[in-house]
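So the structure is just underneath, and the comments pick up after that.
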Amino acid sequence: MKNMSVKLKITLWITVLMAALFVLLLLFMLGISRQVVYQTAMQNLSDTVQNNVSEVTLTDGKLQLGEGFVYYHSGISVLVYSQNETLLAGQVPVTFVAQEPFESGRTRAVLSGNESYLVMDLWVPAGWDSGVWLRGVVEAPDYRSTVRNLLYVALFALPIFILLTAIGGWMIVKRTFHPLDTITKTASTINEARDLSGRIGLPPGKDEFSRLAAAFDGMFERLEASFEAERQFTADASHELRTPVSIIKGACEYAEKYDETEEERKETLDMIHRQADKMSSMIAQLLRMTRLEQGTEVARMEKTDLAQLARSVCAEQGYDAEHVHLEADKPVIVRADAALLSRLLQNLVGNAIKYGKPGGHVWISVRCAAGEALLSVRDDGIGIAPEQQEKIWQRFYQVDASRGDESGAGLGLSMVQQIAQIHGGRMTLESILGVGSDFTLHLPLAEM
Ligand code: ADP
């Protein structure tokens, strides 16, 4: 039983249950059949005797039977007896030899030899002290033959009934469990092929299997995203860490081989330090992006004033007010994770300064336009060529790696893009090479 499939178990239970119900019904029918047969016979007997009462008259001790008097009807013999129980009319059935005392109005079973009879008497009075007895006698019905017939039918019907129930049950169970087979097959395929892109894809519905399939699909979706993020992280980290590591290794080997002056040694150490800083900030950024992708770091969306946020970032970062100008007078409310938006703004302003001209300017502005909240960071720096403007959002893409300080790894804008998407927003860029760039974040306004 333990190793049996659930489908087979349910079919078996259905079949056993139905067979049990069938037997119960049969027992019930057998139980009531005796009573029904007897009651019908008794009713017939009583009706026949009572119908004859009006046909009996006794005038001056003389019995007269009307034309409608029935002596014999459907096995029922009707007899007329005098007050002292002498037979006056009718024919007693040959095998009814019992000396049954008269008792008016009660139908009863009487045993006569081996035969069983039903007897019903009625006292038909004529005046104060005389009258006649009417007696109806009928052979007791043979309910055993009814039972026997019923049993024959049941014996023939039961196997057919069980077979049909088993086949019907199996078909219903198989049909019902079909989605479960699909779920199992998909899960096995994913497991064997180690490919998380497979989906069960049951049509949407409210039943248990549809909900289970949707839950599984959701789980596969998350697993796939999680594995993809992990794979990307490993690939990116191992690829991008190779350069600073080989620079550090080279510097160490050089320092070991050649006698460096105190000044050269300091330079080497500074370089190693800068490369280590770069690696550490890159790992930190990569980890953050991976966690956001995997959903391990969840954005905490709250009503946030973009203008206030921009003011705080400027104050905290200590931007030089002579070169970094802020236009954020009116409150602009959005639903956002303030920490993530601060990171986005810092990345943009950092780039604007990094890729700006010496003594150049940066303008941060917060405003509403066309039903959107806008946060833009504009500079009068080196600008970006049109063919580069699509690519700069990719991870590790740098237009000119030798530009800017060494801490850049081409991850800043990729993170900006990711944060914008998490907030249901988008980034736009307008830039002219040699003139400057304008990076704008578009966010939906929070409902008031
Ligand atoms: P990183 O600054 O670390 O190189 P980013 O992802 O922040 O990486 O930027 C990608 C590239 O886009 C940069 O290398 C730079 O070439 C270009 N870029 C970003 N911001 C600006 C800007 N304000 N002006 C000109 N070029 C920019």
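The values are calculated or read from the model by the stated rules, or taken from the named source; none is laboratory data. Note that the structure is a prediction, hence the values are computed from the model and not measured. Every residue, glycine among them, receives a Cβ derived from its backbone with ideal geometry; neighbour counts consider all protein chains shown. Surface areas here come from the heavy atoms of the whole protein model, side chains and all, with no ligands, DNA or RNA. Shrake-Rupley method; radii C 1.70, N 1.55, O 1.52, S 1.80 Å.
Structure notes:
- Any hit, segment 366-386, residues being without any contact (Cβ under 8 Å) to a residue 40 or more places away in the chain, within 15 Å of the ligand (Cβ to nearest atom) and crowded, with 16+ Cβ neighbours inside 10 Å: no
- Filtered residues of segment 422-448 (kept if touching a residue at least 24 places away in the same chain (Cβ under 8 Å), within 15 Å of the ligand (Cβ to nearest atom) and not in a loop (DSSP other than H, G, I, E, B)): M427, L429, S431, I432, G436, S437, D438, F439, T440, L441
- Residue match in segment 213-220 (condition: among the acidic types (D, E) and surrounded by 15 or more Cβ atoms within 10 Å (Cβ to Cβ)): yes
- Qualifying residue in segment 346-355 (condition: assigned to a strand (DSSP E or B), β-branched (V, I, T) and open to solvent by less than 70 Å² (accessible area, probe 1.4 Å)): no
- Of the residues examined, I419 is not one that is among the hydrophobic types (A, V, I, L, M, F, W, C), more than 8 Å from the ligand (Cβ to nearest atom), part of a helix (DSSP H, G or I) and open to solvent by 80 Å² or more (accessible area, probe 1.4 Å).
- Strands (runs of 3 or more DSSP E) wholly inside segment 85-204 containing at least 2 residues that are closer than 28 Å to L30 by Cα and among the β-branched types (V, I, T): 107-112, 130-139
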